[in-house]
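Visitor: A single structure is presented below for examination.
All of the numbers you see were taken from the coordinates with simple rules; none came from a lab. Values in this document were obtained by computation on a predicted structure and should not be read as measured data. Quick reminder, even Gly has a Cβ in these numbers, built from the backbone with ideal geometry, and neighbours come from all protein chains shown.
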Amino acid sequence: MKKGHGFTLVELMVVMTIIALLISVVVPDYIGKMRRAEEAVLQQNLTVMRESLDKHYADTGRYPGSLEELVAKHYLRAIPKDPFTQSAATWVAVPPQDNRKGNVWDVKSSAKGYERY
């Protein structure tokens, strides 16, 4: 009697089921960790830009007219990218609520669900 040298269909199905179970556990955890990492980058970028806004106000007595002014006056090397939109042009500039001079008092993300940062 000749002995086969391959895997049976049942053995392949068992292996595929085990792999599918492992993937179903690992992928959601990976996605959650990626989201938390993007949130940490967002918080860091906002902190850096807000500190630059405060330094500009302390130096000049007014808030900048735009985020680009922070780069032009060397408060920032470059406007960082929003990690959720992958663009530096999607930040939302918040003007001062009182009669202070300037157009950018605060900055927020335009990404849906992250406006609270």
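Visitor: Given points 7 Å out from each Cα along the Cα-Cβ axis, report the LEU21 to ALA40 separation in nanometres with one decimal.
Guide: Computed distance between label sites LEU21 and ALA40 equals 3.2 nm.
Visitor: Restricting to DSSP loop positions (anything but H, G, I, E, B) with no more than 11 other Cβ atoms inside 10 Å of their own Cβ, which chymotrypsin sites (Phe, Trp or Tyr not before Pro) remain in region 1-93?
Guide: Here the sparse-neighbourhood loop sites are PHE7.
Visitor: Can you compute the charge dipole magnitude of region 1-98 about its Cα centre, using +1 on each Lys and Arg Cβ and -1 on each Asp and Glu Cβ, nothing else charged? Give it in debye, rounded to the nearest 20.
Guide: 540
Visitor: I would also like to ask the following. In degrees from 0 to 90, rounded to the nearest 10, what is the angle of the helix 9-60 Cα long axis to the longest principal axis of the chain?
Guide: With rounding to tens, the tilt is 10 degrees.
Visitor: Let me ask something else. Enumerate by residue number the trypsin sites (Lys or Arg not before Pro) in region 12-82 meeting two conditions: DSSP loop (anything except H, G, I, E, B), and at most 10 other Cβ atoms within 10 Å of the site's Cβ.
Guide: ARG77
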